[in-house]
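Participant: Would you mind keeping the following structure in view while I ask a few things?
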Amino acid sequence: MKYDVLVIGGNGFVGSVLLRRLQREGYSVLLPTRHLAAARDFRLLPSVHLIQADVNDQTTLNDLCSQVKPSGTVINLVGVLHDRPATPYGKVFERAHVLLPKSCIAAMKANGIKRYLHMSALGADSHGPSMYQRSKGDGEAAVRASGLDWTIFRPSVIFGQEDQFINLFANLAKVFPVIPLANSQALFQPVSVNDVAAAFVASITMKQTIHQTYSLVGPEVLSMAELVRFAALKAQTTTRVIPMPAVVGYLQALMFEFLPVPTLMSRDNIASMQLPNVLPPTAADDLITTFGISRQSIRSLLA
């Protein structure tokens, strides 16, 4: 069987919403995962076929693309948030954000597939202040030079019922009555996972989106402090946010990097927050102007 869509990195938060939308639109989907147990919920989706595979292996990627129709689409959602300091970025960022897109491109060309949808990030820039932004920028450069029918999406922070951003702070607010917060004035324009998924799926058949880069943002610009207060409201608790000096935040992030638990905040995250994660002044509001989507407010999480 040949599939309509191959989704790389689809067993996470964004992928779970995207896969369900693809199924509703009638697409057959091939979903590789390194651990089948981690993607077991997708077995309930009849048009999604799970296959155990390591997408970082070029031969495996070639085989996956051979199972996609020549008229089909490859969607790459892969993104990681943390890596060890290095110049211009560490091996984890390089592997996920630069080498994997290049491998996808090579596998698609070997199998005659043209349509490629790429998940990047608002603020991606090969010369940006953080490793994350630089690696995302270099990934975008590889996509633009690919010769494929590519579309790049640059979302701000993505929210939803199962997101790891708002829910993280909501869980902290349930435990701590006071949260010390560095970079409390950093700005974000959170976008709904439903709107992001809708844009991806719509673009598959929208020829005008080929060779275009889209910024995906929600209707509100919020500071980090406002987002934490919102998370406390979602958790139905009252938490006081205490802004911290930048140097304290840096030391706090350094400590988090070396704790034997998942990293809450890294120095690279703080570097990313040097630039507002909002719609650039000269950019179009693409969800509205291109995709005709009425953007969801983050306050929809309270419904």
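Participant: Just one of the numbered conditions (1) under 26 Å from V17 (Cβ atoms); (2) touching a Ser or Thr at 6+ places or on another chain (Cβ under 7 Å); (3) hydroxyl-bearing (S, T, Y) is not true of S130; which one?
Facilitator: In the conditions (1) under 26 Å from V17 (Cβ atoms); (2) touching a Ser or Thr at 6+ places or on another chain (Cβ under 7 Å); (3) hydroxyl-bearing (S, T, Y), S130 misses (1) alone.
Participant: I've got another one for you. Could you tell me whether any residue of segment 154-162 is touching a Leu at 6+ places or on another chain (Cβ under 8 Å), surrounded by 23 or more Cβ atoms within 10 Å (Cβ to Cβ), more than 25 Å from F256 (Cβ to Cβ) and among the hydrophobic types (A, V, I, L, M, F, W, C)?
Facilitator: No - not one qualifying residue is present in segment 154-162.
Participant: Right, next: Run down R34, R43 and say which single residue is surrounded by fewer than 16 Cβ atoms within 10 Å (Cβ to Cβ), more than 16 Å from Y116 (Cα to Cα) and under 22 Å from the mean Cα position of the chain (by Cα).
Facilitator: Numbers: R43 fails: under 22 Å from the mean Cα position of the chain (by Cα).
Just one listed residue meets the conditions, R34.
Participant: Still on this structure: Has segment 176-186 got any residue that is farther than 30 Å from K69 by Cβ, modelled with pLDDT under 95, buried (at least 20 other Cβ atoms within 10 Å of the Cβ) and polar (S, T, N, Q)?
Facilitator: Looking through segment 176-186, at least one residue is farther than 30 Å from K69 by Cβ, modelled with pLDDT under 95, buried (at least 20 other Cβ atoms within 10 Å of the Cβ) and polar (S, T, N, Q).
Participant: Sticking with this one: Of all residues in segment 229-252, how many are among the polar types (S, T, N, Q) and within 15 Å of S184 (Cα to Cα)?
Facilitator: 2
Participant: Does S215 count as in contact with a Lys or Arg (Cβ under 7 Å, 6 or more places away or on another chain), of a type in the set (S, T, Y) and within 27 Å of N11 (Cα to Cα)?
Facilitator: For S215, the condition - in contact with a Lys or Arg (Cβ under 7 Å, 6 or more places away or on another chain), of a type in the set (S, T, Y) and within 27 Å of N11 (Cα to Cα) - is met.
Participant: Output the qualifying pairs, or none if there are none: Cβ atoms under 8 angstrom, residues six or more apart or on different chains, first residue in segment 54-81 and over 17 Å from V143 (Cα atoms), second residue among the polar types (S, T, N, Q) and modelled with pLDDT under 95.
Facilitator: L81/T263; L81/S266; L81/N269
Participant: Could you please tell me which pairs satisfy a Cβ distance under 6 Å, a separation of 6+ or placement on different chains, a first residue in segment 276-290 that is closer than 21 Å to A186 by Cβ, and a second residue that is buried (at least 19 other Cβ atoms within 10 Å of the Cβ) and among the β-branched types (V, I, T)?
Facilitator: What qualifies is L279/V217.
Participant: Still on this structure, please answer the following. Counting only residues that are in contact (Cβ under 8 Å) with a residue 24 or more places away in the chain and among the small types (G, A, S), which one in segment 1-31 is surrounded by the most Cβ atoms within 10 Å (Cβ to Cβ)?
Facilitator: Filtering first and then ranking leaves G10.
Participant: May I pose another question? Going by the conditions given, is G139 within 23 Å of A202 (Cα to Cα) and part of a helix (DSSP H, G or I)?
Facilitator: So G139 passes the test.
Participant: Looking only at segment 209-226, filter to residues that are in contact (Cβ under 8 Å) with a residue 40 or more places away in the chain and polar (S, T, N, Q); which one of those is surrounded by the fewest Cβ atoms within 10 Å (Cβ to Cβ)?
Facilitator: Applying the filter and picking the extreme gives Q212.
The values are calculated or read from the model by the stated rules, or taken from the named source; none is laboratory data. Bear in mind that the values here come from a model prediction, so they are computed numbers and not experimental data. Neighbour counts are summed over all protein chains in view; Cβ atoms, including those assigned to glycine, are modelled from backbone coordinates with ideal geometry.
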